[in-house]
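Report on one structure; see the data block that follows.
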Amino acid sequence: MKVHEYQSKQILKKYNAPLLQGIPCTTAEEVEKAAEKFGRSVVKSQIYAGGRGKGTVYNEPELKTVSLDGGVKLASSPQEAREYAECMLGKYLQTVQTGNEGKQVNTIYIEDCCNIESEYYFSILLDRSVAAPMVMVSTEGGMDIEEVAEESPEKIFKLHFNPLTGLADHQARLLAYQLGLKGGQIRNFIKTAKILVKAYLDTDSDLLEVNPLVLTTEDDFMVLDSKMTFDDNALYRHPEIAKLRDKSEEDPAEVEAIDNNLAFVKLEGNIGCMVNGAGLAMATVDAVSIFGKEFNAAPANFLDVGGGANAEKVKLAFRIILNDPSVDAILVNIFGGIMKCDVIAEGVLQAVREMELHIPLIVRLAGTNVEEGKKMIAESGLKVIAAEDLPDGCLKAAKAAAEYRKGAK
């Protein structure tokens, strides 16, 4: 789960992280009033995406009429802060992470300014290759870390730490040396780094990124921008964080899936996938990518209906897939175990009848009650393409999608 910058800073404030004063606002009037407390201020659009400062604000994403260049602006007066807010609120900010449609700006974060001496990159994340959390720092703060990793990897320093004990003083000191810090700067960095690591561990975060972490002219460190994401499976331990979820920032299909206990992730392809079991769903996505190349087909989603799904949940899964206009065919890949094949077949047939399915449907069944399931589908009289195994299902789905797309044109 993601949160906005201002929300992540509200969390970090509880750990006494070094933060500038800031106020979230939803109207231009609130922005002007908040900016009066600071004089000079930074006007920050709040969306679930990075690269806001380099983005473009559009009045309408389809028309591409520019309202403002950049979603983060320095205002020299409260009136200027209000003017920037009027150009952002209700508009659509497009960055390298949002796609062409952009994201609507509904909240502005007004923040105080500070005197910056240097900017650094600081993040904490899980390194799955060694099953341990890792701190990553760089002197290239404020830059896109992906570009730094590609062009100057030697400027990024990584350090793993024990999640049971947190970041030790000597580890934080080593990070400070890598950044070229000296004297009192080192002491202040150690304090800040340990605070951030504790916040990361305590909240079951899977990413805490500060970019930039700035050194002021007074040798103090300040969290100038922050991003936090959290492990969905641990949110039951943090109801106060779960309440921060902004559904308006998420894909509607993913929201509906989550609310109905379905695991769904939107992808960029044209083959809708409905599978039971996360491992099988991952294998299906990979298989469609491999066997669908001949027909320029790719998975449109990852969708796991779970091991104990019933006919109603299957119908819901169909509806979520069909709401995606890019889907040209649906591949159902089921291994009957807890959820038997005849139950899946029943849900599939109900969905086809009730939803007047107009795109090709390919079904591969295996496991418990597979013969009963296949018989139900064969005797239904509905246009359902049967597949013998997963490669066969992927090929048939890709071919059917290509024919459907050609006929639709």
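The values are calculated or read from the model by the stated rules, or taken from the named source; none is laboratory data. Remember, it's a predicted structure, so these values are computed and weren't measured experimentally. Methodologically, a virtual Cβ is constructed for each residue, glycine included, from the backbone with ideal geometry; neighbour enumeration extends over all protein chains shown.
Side notes on the structure shown:
- When the helices (runs of 4 or more DSSP H) confined to the range 114-209 are screened for residues that are touching a residue at least 60 places away in the same chain (Cβ under 8 Å), those reaching at least 1 such residues are found at 145-151, 184-202.
- Some residue of the range 77-93 being closer than 30 Å to Ala193 by Cβ and out of contact with any Phe, Trp or Tyr (no Cβ under 7 Å at 6 or more places or on another chain): no
- In the range 229-269, the residues that are within 16 Å of the chain's Cα centre (by Cα) and acidic (Asp, Glu): Asp231, Asp232, Asp246, Glu249, Glu250, Asp251, Glu254, Glu256, Glu268
- Residues of the range 294-328 that turn out to be at pLDDT 85 or above and within 16 Å of Ile377 (Cβ to Cβ), as a count: 1
- Unique match (being in the same structural domain as Asp232 (by TED's automatic domain parsing) and more than 26 Å from the chain's Cα centre (by Cα)) among Gly180, Gly141: Gly180
- Residue that is farthest from Asn211 (Cα to Cα), among those in the range 57-74 that are surrounded by fewer than 21 Cβ atoms within 10 Å (Cβ to Cβ) and touching a residue at least 40 places away in the same chain (Cβ under 8 Å): Pro61
- Taken over the range 219-232, the criterion of being part of a loop (DSSP other than H, G, I, E, B) and either under 13 Å from Ile116 (Cα atoms) or free of Cβ contacts under 8 Å to residues at least 24 places away in the same chain (or both) is satisfied by Asp219, Asp220, Leu224.
- Residue within the range 54-76 that is among the hydroxyl-bearing types (Ser, Thr, Tyr), touching a helix residue (DSSP H, G or I) at 6+ places or on another chain (Cβ under 9 Å) and either in the same structural domain as Met222 (by TED's automatic domain parsing) or at pLDDT 95 or above (or both) present: no
- Of the residues making up the range 127-177, just one is touching an Asp or Glu at 6+ places or on another chain (Cβ under 6 Å) and within 20 Å of Asp204 (Cα to Cα), namely Met134.
- Within the range 388-409, considering residues that are among the hydrophobic types (A, V, I, L, M, F, W, C) and at pLDDT 90 or above, the one surrounded by the most Cβ atoms within 10 Å (Cβ to Cβ): Ala397
- In the condition set (1) crowded, with 21+ Cβ neighbours inside 10 Å; (2) in contact with a strand residue (DSSP E or B) (Cβ under 6 Å, 6 or more places away or on another chain), Ile385 is compliant with all but (1).
- Residues located in the range 253-262, provided they are touching a residue at least 40 places away in the same chain (Cβ under 8 Å) and either more than 28 Å from Leu331 (Cβ to Cβ) or part of a helix (DSSP H, G or I) (or both): Ala253, Glu256, Ala257
- Looking only at the range 266-280, residues that are more than 18 Å from Pro360 (Cβ to Cβ) and out of contact with any Pro (no Cβ under 7 Å at 6 or more places or on another chain) come to 7 in all.
- Answer from Leu244, Leu235 - the residue that is in contact (Cβ under 8 Å) with a residue 60 or more places away in the chain and either surrounded by fewer than 17 Cβ atoms within 10 Å (Cβ to Cβ) or assigned to a helix (DSSP H, G or I) (or both): Leu235
- Selection from the range 82-130 of residues that are aromatic (Phe, Trp, Tyr) and either more than 19 Å from the chain's Cα centre (by Cα) or not assigned by TED's automatic domain parsing to the domain that holds Thr56 (or both): Tyr84, Tyr109, Tyr120, Tyr121, Phe122
- Pairs linking a residue in the range 75-87 that is free of Cβ contacts under 8 Å to residues at least 40 places away in the same chain to a residue that is crowded, with 23+ Cβ neighbours inside 10 Å and among the hydrophobic types (A, V, I, L, M, F, W, C), with Cβ atoms under 7 Å and 6 or more positions apart or on different chains, are Cys87/Val57.
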